[in-house]
1. Checking Trp81 against (1) surrounded by fewer than 13 Cβ atoms within 10 Å (Cβ to Cβ); (2) in a loop (DSSP other than H, G, I, E, B); (3) modelled with pLDDT under 85, which single condition isn't satisfied?
2. Assess whether Arg129 counts as being more than 17 Å from the chain's Cα centre (by Cα), closer than 26 Å to Thr20 by Cα and part of a helix (DSSP H, G or I).
3. What residue, among those in the stretch 22-35 that are at pLDDT 90 or above and aliphatic (A, V, I, L, M), is surrounded by the fewest Cβ atoms within 10 Å (Cβ to Cβ)?
4. List the residue pairs whose Cβ atoms are under 6 Å apart, where the first residue sits in the stretch 13-40 and is within 16 Å of Leu94 (Cα to Cα), the second is surrounded by fewer than 18 Cβ atoms within 10 Å (Cβ to Cβ) and modelled with pLDDT under 85, and the two are 6 or more positions apart or on different chains.
5. I want to confirm something. Restricting to the stretch 94-153 and keeping residues that are aliphatic (A, V, I, L, M) and farther than 28 Å from Ile29 by Cβ, which single residue is surrounded by the fewest Cβ atoms within 10 Å (Cβ to Cβ)?
6. Considering each residue of the stretch 1-18, count those that are over 29 Å from the mean Cα position of the chain (by Cα) and among the polar types (S, T, N, Q), and give that number.
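The values are calculated or read from the model by the stated rules, or taken from the named source; none is laboratory data. On a predicted model such as this, the values are computed, not experimentally measured, just so you know. Glycine gets a Cβ as well: all are built from the backbone with ideal geometry, and neighbour counts include every protein chain shown.
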Amino acid sequence: MFALLPVSYDYVLAISLLATVAHVRLFMIGHDCAHQSYLPRKGWQNKALGNFIGVLTNTPLNYWGSQHLMHHQTVGNLPRWLHWATGNIGYHYLHHLNPKIPNYKLAACHYSDPMLQEGKSITFWESFRLANLALWDESARRLISFAEFDRTGEPTR
């Protein structure tokens, strides 16, 4: 890519964008491999593919898999192209309900049951405003930021 800099910054930008989308898609395939849901056969095939993709994405499958359950869920109202580029991350909460659902079937699952559509949906732009919310305040039953926690010394009552 650096060899193209003298030729055109536009080429470098275009290749960078393609590489980014490819990286995210590979990561999502590796994610499904960690759940044994990408390939139809369970066992070594998903693990072998997940480990290979882990080398390409610099995300070791075994380590990442053990850390995976710590992230939160959300349903996002994202543009269609962004759903594709992120492996339907906006419907990822369903994957936590049943990890056997591969990312390419998450949207269909979400729309197949009216109850699943009752959850709070956030827009792409709203997600930036909410990105700093990282702690769950049990007493207030809402997310708060580290700054809010630091101001009060404890969660809001």
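1. Answer for Trp81: the failing condition is (2).
2. The answer is yes for Arg129.
3. Looking at the filtered set, the residue picked out is Ala22.
4. Within 6 Å, the pairs are His35/Pro99; Gln36/Lys42; Ser37/Lys100.
5. Among those that are aliphatic (A, V, I, L, M) and farther than 28 Å from Ile29 by Cβ, it is Met115.
6. 1
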